[in-house]
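Asks: Below is one structure. I have some questions about it.
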Amino acid sequence: MNLNAADLRDLQLAIADRLFLQVSGWHLYLGDAQLAEPLAIECCARLGQGAVTAAKESIEAVQVPLGDGSTLLPLGQLIPCSQLRDLQDILKPYCR
């Protein structure tokens, strides 16, 4: 399922302002980490599978570079479980 440019931008903004990485108790919002756009694009590619599957697969597809970039971790390993549920909630209106 493809979103038009305006809907993709709206999805990106919703992700940027609501979702965060958590490292040692610190929260880094995905917009500040420059990860909202790649996550929105991954989600958009999977919307036809439903919000739950799109969210789970997308956070595993986005790779987060650590340090000098030689180490990559899936985003799913850096966000709390509650953030996955928030992403599912964000995606639900786009899956209709």
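Asks: Using the Kirkwood radius over Cα pairs, work out the Stokes-Einstein diffusion coefficient for the chain at 20 °C and 1.002 mPa s, in µm²/s as a whole number.
Replies: Calculated translational D: 163 µm²/s.
Asks: For ALA33 paired with LEU66, estimate the spin-label separation in nm (one decimal), with each label point 7 Å from Cα along the Cα-to-Cβ line.
Replies: That separation, rounded to one decimal, is 1.2 nm.
Asks: Any idea what the dipole of the chain comes to, in debye rounded to 20, about its Cα centre with Lys/Arg Cβ at +1 and Asp/Glu Cβ at -1?
Replies: 300
Asks: Which residue, chosen from GLN63, CYS95, HIS27, occupies the Cα position most advanced towards the positive end of the dipole of the chain, where the dipole is computed from +1 (Lys, Arg) and -1 (Asp, Glu) charges on Cβ about the Cα centre?
Replies: CYS95
Here, each number is a calculation from the coordinates, and none is a lab measurement. All values reported here derive from a predicted model rather than from experimental measurement. Note that we place each Cβ from the backbone using ideal geometry, even for glycine, and neighbour counts take in every protein chain shown.
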